[in-house]
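Read through the structure below, which is laid out as structure tokens, and then see the notes.
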Amino acid sequence: MTIRYEANPPKILPDINTNESILKFVEKIKIISKKCDAIHLTENVLGYQRVSPIKVGKIIKKEIPDLPITVSLRVRDKSEKEITEFVENCISIGFSGILILMGDPSQTGKVDSGQVPSSTVKRLREQGIDSKIDLYLSISNKANFSKIGKKIDAEPKGFMTQVIQNIKQVQSLSDNLKGFSVIPILLYPSPKNEKSARFLNLDLAVYSQEFEELLKKTHEITGDVLITSPSDFSGLNEFLEEFSN
């Protein structure tokens, strides 16, 4: 039984002290890690420049050594050499897994590198990297299973989904991805996360009423779930405290 928390490292902004932002971020992880089983660190969500998950993950691993950490690796704007360095850093720090994804277009105009997630996983597996760290790919919540052959052929440890809208999506993914770990992502339905809900075409009122049941049933099906709450840390922290009791 695993409940993960998705954490977005601080944005790098000209008028904000980055070191202070990192300290606050790490303190939040210390707080929420007492209510969840693992964390997932993202990288440059929506293409905005953020503190590297490698940098903050290294600090968190020193502060909370037993906390499993997975991390996103965007390949869109990395060369093969940069990808290899990122992966080697993840292994040396002691991360448990890497979600390899394309990533959103860079907001700073960085040119796409031409790297592809499924090909990257395949290459890393051929190098034996999967014996040192788990490799994951992303998958749509409404996946067309006849068109994901390259992802299946890459043989990742499993798949992390887009934000799940209902239990039917979870069941479909679980039924069609036998032999793979499936980690569904759920959005914590807080009014503060309304902007994210709109972006995802979620009816927050309906989603909110069904959320706890959706979380329980998802967990029953996959044994693993990742909760994201980009704009409401406190609300999710309180919810997890009640949920875990």
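Look through GLU20, GLU6, GLU43 and report the one residue that is more than 18 Å from ASN237 (Cα to Cα), charged (D, E, K, R) and touching a residue at least 12 places away in the same chain (Cβ under 8 Å). Just one listed residue meets the conditions, GLU43.
Please go through the stretch 46-68 and pick out each residue that is in contact (Cβ under 8 Å) with a residue 24 or more places away in the chain and either among the charged types (D, E, K, R) or in contact with a Leu (Cβ under 8 Å, 6 or more places away or on another chain) (or both). Once the filter is applied, which keeps residues that are in contact (Cβ under 8 Å) with a residue 24 or more places away in the chain and either among the charged types (D, E, K, R) or in contact with a Leu (Cβ under 8 Å, 6 or more places away or on another chain) (or both), the stretch 46-68 yields ARG50, PRO53, LYS55, VAL56, GLY57, LYS58, ILE60, LYS61, GLU63. For the stretch 34-47, the candidate set comprises residues that are more than 18 Å from ILE93 (Cα to Cα) and within 16 Å of the chain's Cα centre (by Cα); within that set, the residue that is surrounded by the most Cβ atoms within 10 Å (Cβ to Cβ) is ASN44. Taking every residue in the stretch 181-193 that is under 20 Å from SER138 (Cα atoms) and pairing it with any residue that is part of a loop (DSSP other than H, G, I, E, B) and basic (Lys, Arg), at least 6 positions away or on another chain, the pairs with Cβ-Cβ distances below 8 Å are SER181/LYS157. Note on the stretch 162-245: enclosed helices (runs of 4 or more DSSP H) holding 2 or more residues that are among the acidic types (Asp, Glu) and surrounded by fewer than 17 Cβ atoms within 10 Å (Cβ to Cβ) are 204-222, 233-244. Whenever a residue of the stretch 69-82 is over 21 Å from GLY158 (Cβ atoms), its partners that are in a helix (DSSP H, G or I), lying with C-beta atoms within less than 8 angstrom and at least six residues away or across chains, give the pairs LYS78/PHE86; GLU80/ARG123.
Listed here are the residues, each with its yes/no results for (1) among the basic types (Lys, Arg); (2) within 20 Å of the chain's Cα centre (by Cα).
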site: LYS168; (1), (2): yes, no
site: LEU200; (1), (2): no, yes
site: GLU210; (1), (2): no, no
site: LEU236; (1), (2): no, yes
site: LEU240; (1), (2): no, yes
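Go through the residues of the stretch 69-80 one by one and say whether even a single one is of a type in the set (Ser, Thr, Tyr), touching a Phe, Trp or Tyr at 6+ places or on another chain (Cβ under 8 Å) and surrounded by 14 or more Cβ atoms within 10 Å (Cβ to Cβ). Yes, the conditions are met somewhere in the stretch 69-80. Within the stretch 137-164, the set of residues being more than 21 Å from TYR207 (Cα to Cα) and in contact (Cβ under 8 Å) with a residue 60 or more places away in the chain comprises just one member, LYS157. Picking from residues in the stretch 1-10 that are over 13 Å from the mean Cα position of the chain (by Cα) and surrounded by 15 or more Cβ atoms within 10 Å (Cβ to Cβ), the one that is nearest to ILE227 (Cα to Cα) is THR2. Counting only strands (runs of 3 or more DSSP E) wholly contained in the stretch 14-116, the ones carrying 2 or more residues that are in contact with a Gly (Cβ under 9 Å, 6 or more places away or on another chain) and modelled with pLDDT of 95 or more occupy 38-41, 69-74.
The values are calculated or read from the model by the stated rules, or taken from the named source; none is laboratory data. This one's a predicted model, so the numbers in the text were calculated from it and none came from an experiment. We place every Cβ from the backbone using ideal geometry, glycine too, and count neighbours over all the protein chains shown.
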